[in-house]
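Scroll down for the structure; my scribbles are underneath it.
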Amino acid sequence: MKTVNHWIGGKAVDGTSGNWGPVTDPATGEVTTQVALASAAEVDAAVASAKAAYATWGTSSLSARTTVLFRYRALLDAHRDEIAALITAEHGKVHSDALGEVARGLEIVELACGITTQLKGELSTQVSSRVDVSSIRQSIGVVAGITPFNFPAMVPMWMFPLAIACGNTFVLKPSEKDPSAANLLAELATEAGLPDGVLNVLHGDRVAVEGLLSHPDVAAVSFVGSTPIARHIHATATANGKRVQALGGAKNHMLVLPDADLDAAADAAVSAAYGSAGERCMAISAVVAVASIADELVEKIRERAEKITIGPGNDPSSEMGPLITKAHRDKVASYVTGAAAQGAEVVLDGTGFTVEGHEDGHWIGLSLLDRVSTDSDAYKDEIFGPVLCVLRVETYEDGVALMNASPFGNGTAIFTRDGGAARRFQLEVEAGMVGVNVPIPVPVGYHSFGGWKDSLFGDHHIYGNDGVHFYTRGKVVTTRWPDPADAPAGVDLGFPRNH
């Protein structure tokens, strides 16, 4: 059986805790790998490695850092198929989807390669007689990243490239459900010339997480995951004096107005709801249909959903793979089996789906629930699976009010041909990311990603300008150099004169 160990100080380090976690092939249900689960002592070792490396990396030149990052980008590009294969083997998503994940992660590596412009300061000269004021940004030290199972390569790459480009060192705690991609990312960074200890990978469970949240040498924590855990991460880490960006869960809505192109809206709804088996924090899980178009829209979605091919992620004919674990599959299925009792119309029920020859895999088909009420479990909870809810409203205003009443505010979309309605929507909807005829409005790398309300804890979104600001601290320097012709000014206890 394959073993995944930690990556500390530029090399693989055997786990010593004696605790191991199983890693399963979701397509077969077979345990293929065991991953080391860190002890408190191993947390200390990873942080110590990062702290030691910071002494030199934090004072290294921008050109030295970006040189490594350019080489790293080239290696990631060369190994993208290998990274994607690891993702498919442990997460289950189809290979094309895994390749897309790697590509979106590469966007942030490319942003980090150009960090020199992002870290430029400001200078004001002659603010007073021979006085200049400058603003600079400096690294903050050791940063920890805690990342989810659904994007085992992309989300780590949303964090550590920017953090290390800014001069920090990094301890990554990936999901123990699909850990192998993280190790390969670290190995390639070392091959690119990243000094030992700048990027460390620590595998583990709650012990590792709590150790990082309380460790005195960790200056900041980045997190992506569910809302309950994000809330805990934020509360615990801030109580220990750390800065935190904790991105939580979502219930992303798509508002479809009567003037929308219904074929385009149906295509978008199926793609956004069922892609990656719905295991995306930006998945559309609730379509809000306005007025008379609901029946036609639901039928168009049903027709398209029934044609999706489900199978192993390494089968080129598969469009959707299995769910990550059997327990998660059963939880997702429970929302469908209980929907009718809570008033929904079950248009498609995917709970009985299986794949011939892979009967022990974590399979579930596509489910479509119509006439869902806002007090039902299928609507209130983040299901994180291929289940799409349709809610019906009479007006645009009713739709926006319904969406804004949700405790989540991650991403949202509107489908319409009316520019005025779209403009109103982007101003009135309470969410951090908005799509206009775009179902999954994930920003490009140089704009920041993040939600509102219970979808974000902390002040900074991830990557983009917010990411750079999160991984640096501002400093203002006021300077006066005496002119050789100046006479001694003497003591003056008043306010400095600016005029």
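In the set (1) in a loop (DSSP other than H, G, I, E, B); (2) open to solvent by 60 Å² or more (accessible area, probe 1.4 Å), residue 295 fails one condition alone, (1).
Inspection of segment 190-210 finds a residue satisfying the criterion of being surrounded by fewer than 24 Cβ atoms within 10 Å (Cβ to Cβ) and free of Cβ contacts under 8 Å to residues at least 60 places away in the same chain. Restricting 308, 324 to those that are closer than 18 Å to residue 390 by Cβ and of a type in the set (Val, Ile, Thr) reduces the list to 308. Within segment 469-481, the set of residues being assigned to a strand (DSSP E or B) and surrounded by fewer than 17 Cβ atoms within 10 Å (Cβ to Cβ) comprises 473, 474, 475, 476, 477, 478, 479, 480.
Applying a threshold of 9 Å to beta carbon distances and a minimum spacing of six or more residues, or different chains, the list of pairs starting in segment 29-57 at a residue that is at positive phi and ending at one that is open to solvent by less than 20 Å² (accessible area, probe 1.4 Å) reads 29/322; 29/361; 29/362.
For every residue, the table says whether it meets (1) out of contact with any His (no Cβ under 7 Å at 6 or more places or on another chain); (2) not aliphatic (A, V, I, L, M).
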residue: 270; (1), (2): yes, no
residue: 304; (1), (2): yes, yes
residue: 311; (1), (2): yes, yes
residue: 323; (1), (2): no, no
residue: 326; (1), (2): no, yes
residue: 330; (1), (2): yes, yes
residue: 341; (1), (2): yes, no
residue: 344; (1), (2): yes, no
residue: 366; (1), (2): yes, no
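A count restricted to segment 387-427 and to residues that are under 26 Å from the mean Cα position of the chain (by Cα) and over 14 Å from residue 294 (Cβ atoms) stands at 17. Residues that are within 22 Å of residue 148 (Cβ to Cβ), among the aliphatic types (A, V, I, L, M) and within 28 Å of the chain's Cα centre (by Cα) occur in segment 363-370; there is at least one. Here residue 307 meets the list (1) in a loop (DSSP other than H, G, I, E, B); (2) open to solvent by less than 60 Å² (accessible area, probe 1.4 Å) almost entirely, failing just condition (2). Of the set (1) touching a Leu at 6+ places or on another chain (Cβ under 9 Å); (2) more than 18 Å from residue 89 (Cα to Cα), all apply to residue 258 but (1).
If you go through segment 125-162 and keep only what is surrounded by 15 or more Cβ atoms within 10 Å (Cβ to Cβ), modelled with pLDDT under 95 and outside any strand (DSSP E or B), you end up with nothing.
Quick one: is residue 340 loosely packed, with under 15 Cβ neighbours inside 10 Å and not charged (D, E, K, R)? Answer is yes for this residue.
For segment 214-239, the set of residues classified as of a type outside the set (Lys, Arg), assigned to a helix (DSSP H, G or I) and within 25 Å of residue 279 (Cβ to Cβ) consists of 227, 228, 229, 230, 232, 233, 234, listed by residue number.
For residues that are under 12 Å from residue 118 (Cα atoms) and in contact with a helix residue (DSSP H, G or I) (Cβ under 9 Å, 6 or more places away or on another chain), scanning just segment 448-468, find the one that is surrounded by the fewest Cβ atoms within 10 Å (Cβ to Cβ). Can you show your working first?
Pass one, segment 448-468, residues under 12 Å from residue 118 (Cα atoms): 463-468.
Among the residues that remain, those that are also in contact with a helix residue (DSSP H, G or I) (Cβ under 9 Å, 6 or more places away or on another chain) are: 463-465, 467-468.
Working: 463: 26, 464: 22, 465: 13, 467: 30, 468: 21.
Result: 465.
Quick test for you: out of 310, 301, pick the one residue that is modelled with pLDDT of 95 or more, within 22 Å of residue 177 (Cβ to Cβ) and either in contact with a strand residue (DSSP E or B) (Cβ under 6 Å, 6 or more places away or on another chain) or not polar (S, T, N, Q) (or both).
Details: 301 fails: within 22 Å of residue 177 (Cβ to Cβ).
On inspection, the qualifying residue turns out to be 310.
Here 122, 176 are screened, and the one residue that is open to solvent by 20 Å² or more (accessible area, probe 1.4 Å), of a type in the set (Asp, Glu) and in contact with an Asp or Glu (Cβ under 9 Å, 6 or more places away or on another chain) is 176.
The values are calculated or read from the model by the stated rules, or taken from the named source; none is laboratory data. The structure displayed is predicted, hence computed values, not measured ones. In this analysis, Cβ positions are derived from the backbone assuming ideal geometry, glycine residues included, and neighbour counts consider all displayed protein chains. Side chains are part of the model used for accessible areas, which takes the heavy atoms of the whole protein and leaves out ligands, DNA and RNA. Shrake-Rupley method; radii C 1.70, N 1.55, O 1.52, S 1.80 Å.
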